[in-house]
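Participant: Below is a structure I'd like to ask you about.
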Amino acid sequence: MFVKILCENRTNRSECLAEHGLSVYIETAGRRILFDLGASDICIQNAKKMKVGLEKVDTVVISHGHYDHTGGVPAFCEINQTAEIYVHEKAFAEMYGMENGKLDKEPCGIQWTEAQHRQVAGRLVPTGGTVWLTEDIVVSGTIPRTEEFVPTEVFYIKNRDGSLSPDPMDHEQFLAIREYDQSGRSKGVFVFSGCSHTGVLSCLRYAKSLFPQERLWGCLAGMHLYHASAKTRKTILDQIASEELDYVLPVHCTGIHAICELRQLLGERCILAGTGDELVF
């Protein structure tokens, strides 16, 4: 499996641009998949510099309906005329974050113009439950939360009457891929999660339920722990470590404290990936 980070919050490559967003290119089992498309067309610019042929992508999976994962979709559709774009059916509400008890002035949801939405509408494949692209590749649809899950940040949906409701983040979904070695034996399941607003542990546990008897092999995830307390981080990171994954790539909204603590827990099994990085698993 080839993984290339087209967009992430940081970069070590001077020719690439970074932004608050995520976009990952994946090649596996003859398929070319894009997982998320960042906050803007920066991921498209970086793809050109990294010699990634976006016109050959056959599948796009959108993790959830926030601007920093969907901003590059219209620009991608100008380059690629055929790829289906899997996005949750509830991803298009008007959404807001909150800072210090005050609602953000600008929405955090998908920010396409009406013209852009019309441009991409025919390419969208709405999801709700699980969608199996092959017997080894699945889009999770709504992720069941673990009982102990406590959100580190609450978002809100603006209703038609102008009132606000807490966003249950049921429009978030992950991508999970079962990979095989050269002899045809399963290596395990690799999970890609955009922000893990419903909890990274919820993602991992649901992935295990979708692939019974398979081990979790790897995880690339925004874990949304930058607002979490030290106690919460320790509880979550210890449980990630207990899964004994071969590779963990904490990206985007994970937060520097959690990234450093994961590196201490996992050593070189924790890969500090950024924009422009190209990896083979």
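Participant: Report the label-to-label distance for Q81 and E94 in nanometres (one decimal), using points 7 Å from each Cα along the Cα→Cβ vector.
Facilitator: Placing both labels 7 Å along Cα→Cβ, they lie 3.7 nm apart.
Participant: Shifting gears a bit: For the stretch 128-145, take each phi angle, set θ = phi - 60°, evaluate the Karplus expression 6.51 cos²θ - 1.76 cosθ + 1.60, and give the result in whole Hz per residue in order, putting x for glycine and proline.
Facilitator: x, x, 5, 10, 8, 6, 9, 6, 10, 10, 9, 9, 5, x, 3, 9, x, 7
Participant: For a protection proxy built on the mean count of beta-carbon atoms within 10 angstrom, sort 104-114, 269-279 highest first, please.
Facilitator: 269-279, 104-114
Participant: A follow-up question, please. With the contact rule set at Cα under 8 Å and sequence spacing of 6 or more, what percent relative contact order holds for the chain?
Facilitator: Worked out over the chain, it gives 18 percent.
Participant: Once the dipole of the chain is set up with Lys and Arg at +1 and Asp and Glu at -1 on Cβ about the Cα centre, which of G184, T152, S163 lies farthest towards its positive end?
Facilitator: The Cα lying farthest towards the positive end belongs to G184.
Participant: Also: How high is the FRET efficiency between S14 and E214 when r is their beta carbon distance and R₀ equals 35 Å, given to the nearest 0.05?
Facilitator: With a Förster radius of 35 Å, E is 0.30.
Participant: Applying a 10 Å radius around every beta-carbon, put 230-240, 33-43, 81-91, 128-138 in order of their mean neighbour count, most first.
Facilitator: Listed from highest to lowest mean packing, they are 33-43, 81-91, 230-240, 128-138.
Participant: A further question follows. Residue by residue through the stretch 275-281, what is 3J(HN,Hα) from phi via Karplus (6.51 cos²θ - 1.76 cosθ + 1.60, θ = phi - 60°)? Round to whole Hz and write x for glycine and proline.
Facilitator: 3J(HN,Hα) across the stretch 275-281, in whole Hz: 3, x, 6, 10, 10, 10, 10.
Participant: Points 7 angstrom from Cα along the Cβ direction at A29 and S183: gap in nanometres?
Facilitator: With each label point 7 Å from Cα toward Cβ, the separation is 2.1 nm.
Participant: Turning to a different aspect of this structure: Restricting to Cα pairs below 8 Å that are 6+ residues apart, what does the relative contact order work out to for the stretch 81-168? Please round to a whole percent.
Facilitator: Relative contact order here is 32 percent.
Participant: Using modelled backbone amide H atoms (1.01 Å from N, in-plane), which distant-in-sequence or interchain residues come within less than 5 Å of E84's amide H?
Facilitator: HN-HN under 5 Å from E84: V60.
Participant: Charges on Cβ only, +1 for Lys and Arg, -1 for Asp and Glu, centred on the Cα centroid of the stretch 24-158; of Q111, T82, I62, which one is farthest towards the dipole's positive end?
Facilitator: T82
Participant: What is the distance in Å between the Cα centres of the stretch 129-154 and the stretch 187-248?
Facilitator: 11
Participant: Next question. Please report the relative contact order for the stretch 1-98, taking Cα pairs under 8 Å with a sequence separation of at least 6, and give it as a percent rounded to a whole number.
Facilitator: Over the stretch 1-98, the number comes to 24 percent.
Participant: Over the Cα atoms of the stretch 130-220, what radius of gyration and what Dmax do you get, in Å?
Facilitator: 15.6, 59
Participant: Consider a paramagnetic label point 7 Å from the Cα of S242 along Cα→Cβ; state which residues of the stretch 262-281 have an amide N under 17 Å from it.
Facilitator: 262, 265-266
Participant: What is the fewest-to-most order of M223, M169 by other Cβ atoms lying within 10 Å of their Cβ?
Facilitator: Sorted ascending by nearby Cβ count, the order is M169, M223.
Participant: For the chain, build the charge dipole from Cβ charges (+1 Lys, Arg; -1 Asp, Glu) around the Cα centre, then report which of I137, L265, Y206 sits farthest towards its positive end.
Facilitator: L265
Participant: So what J values fall out for the stretch 66-73 if you push phi through Karplus, 6.51 cos²θ - 1.76 cosθ + 1.60 with θ = phi - 60°, rounded to Hz, Gly and Pro as x?
Facilitator: Using θ = phi - 60°, the values come out as 10, 4, 7, 10, 10, x, x, 4 Hz.
Participant: Now for a different question. Starting from the eigenvalues of the Cα gyration tensor, five times each then square-rooted, give me the equivalent ellipsoid semi-axes of the stretch 2-280, largest first, whole Å.
Facilitator: 25, 24, 19
Participant: Would you kindly state how much longer the chain becomes between E148 and D161 on full extension, computed as 0.36 nm times their sequence separation minus their alpha carbon distance, in nm to one decimal?
Facilitator: 1.4 nm
Participant: Looking at the chain, how many pairs of lysines come closer than 17 Å at the Cα, when each pair is eight or more places apart or spans two chains?
Facilitator: Taking the Cα cut-off of 17 Å, the pair count is 9.
Participant: With +1 on the Cβ of every Lys and Arg and -1 on the Cβ of every Asp and Glu, and nothing else charged, how large is the dipole of the stretch 2-280 about its Cα centre, in debye rounded to the nearest 20?
Facilitator: 240
Rule-based calculations on the coordinates, nothing more; no lab input. Keep in mind it's a predicted model, so treat the numbers as computed, not measured. Cβ: placed from backbone, ideal geometry, glycine included. Neighbour counts: every protein chain shown.
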